[in-house]
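Read the structure below first, then the notes.
No value in this document is a laboratory result; all are computed from the given coordinates. No experiment lies behind these values; they were computed from the predicted model shown. Don't worry about glycine lacking a Cβ; one is built from the backbone with ideal geometry, like all the others, and counts go over all protein chains shown.
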Amino acid sequence: MEDMPYTLLMHYPVLAPILFILLRAVPVIIPPIPGIAFDLLGIAVFGWKLGLILALIGGHLGAIIAFYLARYYRDFVARYLAPIRTLHHLEERYSEKEKFWILIAVRFVTSPVFDYVNYVAGFTKMSFTKYILSTFIGVLPYSFCIYYFGGKLLMSGWLYGIFIALGVLIITSLFQEKILSYLASKIRKND
């Protein structure tokens with residue numbers, strides 16, 4: 001049963017890329033689901049190059065859905081994800097250009113848990129074009145590292161791939177806490 005996604009993708013080579021793209025979008029739309037497991041699956045089935053491209057498409061598909069869910073169902077989504085007061089302060093305090101760069105910084109540091117950021121971005125007045133461009137720029141370095149180094153390590157065995165994924169998650173979470181607390185202190189300071 002645990003090999004079901006892998007087996008499913010391997011038995012349907014024509015549908016496999018589409019299925020993987022859809023699978024990779026799910027953890028972005030439903031934030032508690034970790035996307036790294038899908039990344040390891042993508043590397044195993046498609047290799048690091050094609051897996052990276054498909055994962056970026058799937059991740060961006062999920063990000064777009066989350067962005068528009070927040071944009072069109074603002075009050076419902078806000079009750080579950082972010083305090084409205086903080087969002088209003090972010091919206092009022094920063095220019096569109098600043099929001100663009102803040103989103104890149106937050107995505108670069110929080111890529112493993114960036115799913116909530118998609119919803120928060122949907123609450124702002126940021127244009128879709130700036131949103132998707134900042135998402136791509138912010139997510140690409142992390143995704144490249146996961147797929148390239150994960151691919152190298154998975155060739156040596158699954159255990160090494162799991163260790164590198166855990167290492168990247170731990171390092172990223174350490175930096176994430178520092179950057180997010182810095183941004184929060186700046187927001188509080190401006191109150």
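Would you mind ranking 74, 24 so that the residue whose beta carbon has the fewest other beta carbons within 10 Å leads the list? Don't skip to the answer; put the middle values down first.
On the way: 74 15, 24 24.
Result, fewest neighbours first: 74, 24.
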Query raised in the report: How far apart, in nm, are the 7 Å Cα→Cβ label points at residue 65 and residue 22?
Result: 1.0 nm
